[in-house]
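Each remark here refers to the structure printed beneath this line.
The values are calculated or read from the model by the stated rules, or taken from the named source; none is laboratory data. Everything numeric here is computed off the predicted structure, so don't read it as measured data. When we count neighbours, we look across all protein chains shown, and the Cβ atoms used for this are built from the backbone with ideal geometry, even at glycine.
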Amino acid sequence: MSEPSFVITSRTDWTEELIAKVYAEIEKIAYEEMDLEGKVYPNQIEIISTEQMMDAYASIGLPVHYNHWSFGKDFLRTAKSYERGHSGLAYEIVINSSPCISYLMEDNSMMMQALVIAHAAFGHNAVFKNNETFKQWTNAGSIIDYMIFARDFIRQCESRYGPEAVEEILDAAHALAPHGVDKFKRKHKPKLSEEMRLKKLMARDEQEQKEMDIILKKTSFRDKELDHHEDDLDFDAEQEENLLYFIMKNAPGLAQWKREIIRIVWKINQYFYPQGQTQNLNEGFASFTHYYIMTRLEEKGFLSPDAYMAFLESHAGVLYQPEYNKRWYNGLNPYALGFAILSDLKRICENPTQEDRDWFPNIIGRRWQEVIQEAAFEHRDDSFIMQYLSPKVIRDLKLFSVGIVEHDGEQKGVVTDIHDEVGYKQLRINLARSYERQNRVPQIIVNGADLEGDRTLYLEYVPYKGRALDRKSAEQVADYIDTLWGYPVELDDGEPE
Amino acid sequence: MKDLPISTFIFVDRRKTGRGKSLPNREKLLKRIKDSIKAAKPEDIDAGGVKGNQTATKQMANPVKVARDALAEPTFRYASGTGEHEVVLPGNDRWLKGDEFPLDGDGDGSGGSSAGSGPGEDGEDDFVINISKQEFYDVFFEDCELPDLEQTAEKELPEAVSKPAGFQKEGTPGQLSVIRSYRNSIGRRRALTFDDRVELEELEAEYKALLVDLATSNPEQTEVIQVRMAAIEERIGEIKKRINSMPLFEKVDQRYRKTEKVMVKSADAVLMMAMDVSGSMDEERKRLGRKFFAMQYAFIKRKYPNTDLVFIWHTDHAEECDEETFFTTRMNGGTIISPAIALAHSIVKERYDASQTNIYFSYAGDGDNYHTDNKEVMAEFEDRGFLSKLRHAVYIQVGHEMGSSWGGMQSGQAQFWTSMQSVANTSKKMHLVKLKDESEVFAAFKKVYAKKAKKGSNV
């Protein structure tokens, strides 16, 4: 074997030239040893400052975004927390776009840049491109263009209708964002370009507004021409869960530009929906990828031992999982859990025990590359955990399950399962279920709208595990829905007044 | 050299361009905070419960609360502490199936809230809203001014005063704020030594446990334990050394005091506040009066720092007092208003030259005056010339109105109001305000001190 053409130590600073060399070596390992050739979007690597990283956080990671005060609030929160040393900035942001954009912070050492490239530009990138949930819900090729359209459209609305009017709609739509998600596949791709749509829309709105001043329209608003086929889901108005969509389509007498803003919030939210559904497998795969690649770089002599030690330190920091009774325990760390599951899959492929043979007969004897990609590309967190969480990982993490029940208005906890023979199966089920969306976001459905009569919109909370809806926040959100709907809104939270 | 595959990735150095991308967002945030403060509802402004050594301004308003409400981002969420949950936790150290698991204290605390209910908890936004009291009052009183304030001959030259205006990253050594810099240094060092401190804590815990084991160990175990303890000691030493070798100050920590030259109008002005604290003034009425005065006090302190303040309380007699007493005192006794007016007038005569000083007077009470005294009050204002020495006078009637008639007679309150009205009818300087409810205080205040559009200005 020839001498490595470069060596990175823990003190090596990055240069553009060195990044290109490391990138080439990382790519070689990813393609030749991890079977990732043809499975990543083209990469765009951007060097940014700390402040720009905070900017990126504040606009939920997108390089282009419309302006809203809540992003300013996010920025300040991130900045303050960083200044006070409460949190280091996570060292990477990567965008599900094609080309796939990964940010490198200027202050990072060369070793860190290599780590981020492996983690983001190959790990996350491959999940974005291949995972079923992402394939179904996001269009990496057009997101940046769409965001440019969204930003420009909202700017135009601000100058035309005033920033306050725009903010009012955005505030309201943001409050409903968690309820602006389709769970069923859409049928068609958009037909008109955004630009064309925009032109038609603005022209139409002018006319619309004039008419609105004169008469209150008698029928609910339906715009055949501007309605996209892509929006026409098989939806049952009686049980619609996508409140943003329902309001956008059916709110009586809502100006067209306001509908478009609601649509934008819905679209962006929909774009992020897969990220929430795949955190463990996504971070797990990215961490698995960086760990494999960095280890190989060291073995090939591109990383000095001290650089590799520095890498391991960072790696351990990111994957740190505090125990439940530690002060800084803040839930299961998706990096740690995802990495543990995938690493164990590799072990099961390579050195199976009898236990593994009993639990994973379909995996034994297969190539780890194939199994790991199947786990990371064909699942969401709940099914990923359900299918691949092994007894060994349960033992290593010493997982246990606590059932909390309400009794006479008080909650009681009982340990339901621990990491033993009897417990593995149920623990796996419990953990998988905890990633179900309804466990995190209460389900609110449209229970009809009296479009012919007084136009009252009826909403209903679908009870889940005996949990009550938080009344104060529900009332605040209901006020926002009023703003959009324009007529009475009734929310049945399943409890007596 | 081996051949590398020609890798195709796009490299962009973004540092020079695309800076300050979230600036418009922060501007929008600031505007929202300011708007919310301006629109602050009276219930957000807390002047009640002025207690102990706290001054009125400290109690007056809660900018954090005002802004927090405006910055809330509500979404539908589950009420904490309701329903069933199944939580999977890592790091089982002692639990067996069937054990009762405490949901507070030693537990994980995740019991009540489901995993998704992260942000938006109360208190979280407090650190976001970092506007100071000063800024708060700037906004709050932006549209208010002392009416008809005139520059007096001798003091036309405005004075420039240096005032603290936050901190900046650069400055002269003399401006270095040690406390602020040290705080930043703590933050930086905490962030950079986090992993070390975690390890340290774990090692120390292990060391303690080993000490216990040592007491009950046999010789063979003792040796093993001692070896481990020595290793821990060494490691602890290393970590501590590393933590301690972290430089105490770096350039990024340094903060310098920033000062601003502020032009102060040094027009001579005095604001006199008088209030009825007699038995008929129940808690509710006193609170209304104090709330108005608290706002007035904060306003004057903020906008006209050179203004003299005079405080007077009265029952059937009147006394001058300090602000502390004024905002906290409770008395019993009947009500005679004229002594308060007379005392105010005599203070003016003793201390101020009305031709050189802008004098403002406000009085708050329930108006339930001893009936023959109304004439005295009017005489003090009009015949004895108190009103002529004033720029502006306000009578604030507090509390719900008493029955409009009693045995065919006007109530004492109504009679006093009529007397004040007759004063107001002959002089534009006298302003009358009725406060029945706390919700009216802010609007009433704004009405009295609203900036008048200047002639010739095209606002």
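Somewhere in the range A:411-419, is a residue surrounded by fewer than 17 Cβ atoms within 10 Å (Cβ to Cβ), within 14 Å of chain B (Cβ to nearest Cβ) and assigned to a strand (DSSP E or B)? Within the range A:411-419 (the criterion being surrounded by fewer than 17 Cβ atoms within 10 Å (Cβ to Cβ), within 14 Å of chain B (Cβ to nearest Cβ) and assigned to a strand (DSSP E or B)), the answer is yes, since at least one residue qualifies.
Within the range B:443-459, count every residue that is modelled with pLDDT under 75 and of a type in the set (A, V, I, L, M, F, W, C).
Initially, the range B:443-459 is screened for residues modelled with pLDDT under 75, giving B:451-459.
Filter once more, keeping what is of a type in the set (A, V, I, L, M, F, W, C): B:453, B:459.
Result for the range B:443-459: 2.
Restricting attention to the range A:310-322, which residues are part of a loop (DSSP other than H, G, I, E, B) and at the interface with chain B (Cβ under 7 Å from one of its Cβ atoms)? Hit for the range A:310-322 is A:Q321, nothing else. Within the span defined as the range A:2-14, every residue fails to be small (G, A, S) and assigned to a helix (DSSP H, G or I). Can you find even one residue in the range B:185-192 that is in a helix (DSSP H, G or I) and more than 30 Å from B:R255 (Cα to Cα)? Within the range B:185-192, not a single residue is in a helix (DSSP H, G or I) and more than 30 Å from B:R255 (Cα to Cα).
Conditions tested, residue by residue: (1) of a type in the set (A, V, I, L, M, F, W, C); (2) outside any helix (DSSP H, G or I).
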residue	(1), (2)
A:A20	yes, no
A:Y23	no, no
A:E27	no, no
A:A30	yes, no
A:E37	no, yes
A:Q44	no, yes
A:D55	no, no
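Checked against (1) closer than 27 Å to B:V87 by Cα; (2) outside any loop (DSSP other than H, G, I, E, B); (3) over 19 Å from the mean Cα position of the chain (by Cα), A:H290 meets all criteria but (1). Taking the range A:53-92, which residues are at pLDDT 85 or above and within 7 Å of another protein chain (Cβ to nearest Cβ)? Passing the criteria: A:N67, A:H68, A:W69, A:S70, A:F71.
Comparison of A:Y480, A:Y487 shows that the only residue that is in a loop (DSSP other than H, G, I, E, B) and either over 30 Å from A:F377 (Cα atoms) or in contact (Cβ under 8 Å) with a residue 40 or more places away in the chain (or both) is A:Y487. Being among the aliphatic types (A, V, I, L, M), surrounded by 13 or more Cβ atoms within 10 Å (Cβ to Cβ) and more than 22 Å from A:E313 (Cβ to Cβ) is a property that holds for B:L210. Note on the range A:20-46: residues that are within 11 Å of another protein chain (Cβ to nearest Cβ), surrounded by fewer than 21 Cβ atoms within 10 Å (Cβ to Cβ) and out of contact with any helix residue (DSSP H, G or I) (no Cβ under 6 Å at 6 or more places or on another chain) amount to 9.
If only one of B:I347, B:I396, B:I337 is farther than 23 Å from B:F299 by Cα, in contact (Cβ under 8 Å) with a residue 60 or more places away in the chain and surrounded by 15 or more Cβ atoms within 10 Å (Cβ to Cβ), which one is it? Step by step, each of B:I347, B:I396, B:I337 is checked, and only B:I337 is farther than 23 Å from B:F299 by Cα, in contact (Cβ under 8 Å) with a residue 60 or more places away in the chain and surrounded by 15 or more Cβ atoms within 10 Å (Cβ to Cβ).
Quick check on this structure: which one of A:E350, A:E298, A:E283 is more than 14 Å from every other protein chain (Cβ to nearest Cβ) and either touching a residue at least 24 places away in the same chain (Cβ under 8 Å) or of a type in the set (A, V, I, L, M) (or both)?
On the way: A:E350 fails: either touching a residue at least 24 places away in the same chain (Cβ under 8 Å) or of a type in the set (A, V, I, L, M) (or both); A:E298 fails: either touching a residue at least 24 places away in the same chain (Cβ under 8 Å) or of a type in the set (A, V, I, L, M) (or both).
The match here is A:E283.
Within the bounds of the range B:242-264, is there any residue that is farther than 30 Å from B:I179 by Cβ and at pLDDT below 80? Scanning the range B:242-264, I find no residue that is farther than 30 Å from B:I179 by Cβ and at pLDDT below 80, so the answer is no.
Per-residue answers, yes or no, for (1) within 13 Å of another protein chain (Cβ to nearest Cβ); (2) surrounded by 15 or more Cβ atoms within 10 Å (Cβ to Cβ):
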residue: A:D450; (1), (2): no, no
residue: A:D454; (1), (2): no, no
residue: A:L469; (1), (2): yes, yes
residue: A:V477; (1), (2): yes, yes
residue: A:I481; (1), (2): yes, yes
residue: A:W485; (1), (2): no, yes
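Looking for something at pLDDT 95 or above and more than 14 Å from chain B (Cβ to nearest Cβ) - is there at least one such residue anywhere in the range A:323-342? So far as the range A:323-342 goes, yes, one or more of its residues are at pLDDT 95 or above and more than 14 Å from chain B (Cβ to nearest Cβ).
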